[in-house]
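All of the numbers you see were taken from the coordinates with simple rules; none came from a lab. Keep in mind the model is a prediction, meaning the values are calculated, not measured. Cβ placement follows ideal geometry from the backbone for every residue including glycine, while neighbour counts extend to all protein chains displayed.
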Amino acid sequence: MKAVEIDTKKSELTRVPEAERTFFLLIGHLANELNVLNKLLFFCSQFETSEGWERRASTAQALVVGKILAGKLSEGWELLQRSFFSSKLSQLFEPLLAPEAKEALGHLKRYFGKENLIRNVRNRFSFHYSVEDVRGVFDQMPDTDEWQMCLADSNGNSLYYSSELVVNYALLDAIAPGTPQQAMEKLLEETTKVTGWFIALINGCMVVFAERHLLDSDGKLEMRPVAIADVPSKDDVRIPYFIA
């Protein structure tokens, strides 16, 4: 793969107004978190087994990552509320954004301007343990489901699947009642889509910031090539639950 490195010296950042510098640092951190979680969700979702403990564990693992990603996306919007809109930086940055970044910002405004899946998952499942949701779905679930636990000699390989069965039933039922497969697909689709909007907006803001503060005396941005070898194809990466 090809990449470049760009210097962002502390001495240069010190001269940037505090609100703009803090915004720059936080949206970069948000982009890093979203990139990591989005890749993890993709890798954890790439399991081929259709039965047994491998399937149960892989499904549980993917939903753990999916819930965290949804929570971070919701928090990303709150970050924009505080550091972009309330700080008035939006008035400075928006006119300078590239068309793709402006379009992404419009999508985010419309998505978070109404009730949505991501905020619902964040409030009830990502960063909170909903006693009410677990109580509410328990009686609805059939006794024929896979009410089991797998206890291994390594704690990291143990899985209290009955817990995941109930909590994930509540999660998926909150997304698309009565259709768990459709709910799972909707969770993956919306987290992927909203992640893409955030990354497009953040990339656009980074360009604006660089043009305002990181150009050299000739008005150019110094970039040096970086070689990163032995990068696997994304389609070849799997993250198993069980490890030796």
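The tail of the calculated P(r) for segment 1-109, taken as Cα-Cα distances beyond 20 Å, holds 58 percent of the pairs.
For a quick check, take a GNM of the chain with Cα springs below 10 Å and name the residue from VAL194, VAL231, VAL167 with the largest mean-square fluctuation. Largest GNM mean-square fluctuation: VAL231. For the chain, taking Cα atoms only, Rg and Dmax work out to 21.3, 71 Å respectively. Considering only ALA62, ALA227, ALA152, the mean-square fluctuation computed in a Gaussian network model of the chain, springs between alpha carbons under 10 angstrom, is largest for ALA227. About its Cα centre, the chain has a charge dipole of approximately 880 debye under the convention of +1 per Lys or Arg Cβ and -1 per Asp or Glu Cβ, with nothing else charged. In segment 140-244, one over the average inverse separation of all distinct C-alpha pairs is 19.2 Å, which is the Kirkwood hydrodynamic radius.
Using only alpha-carbon positions, what ratio does the radius of gyration of segment 100-139 give when scaled by 2.2 N^0.38 Å? Please list the in-between numbers first.
On the way: Rg = 14.8 Å, N = 40, 2.2 N^0.38 = 8.9 Å.
Its radius of gyration relative to the 2.2 N^0.38 Å reference: 1.66.
For segment 43-70 versus segment 97-116, the inter-centroid distance based on Cα atoms is 30 Å. In the chain, helical runs assigned H by DSSP with n ≥ 4 each contribute -39500 (n - 2.57); averaged across all residues and rounded to the nearest 500, the mean residue ellipticity at 222 nm is -19500 deg cm²/dmol. Comparing SER45, SER217, SER130 in a Gaussian network model of the chain (Cα springs below 10 Å), the most mobile by mean-square fluctuation is SER217.
Two numbers describe the Cα atoms of segment 14-61: Rg and Dmax, which are 18.5, 58 Å.
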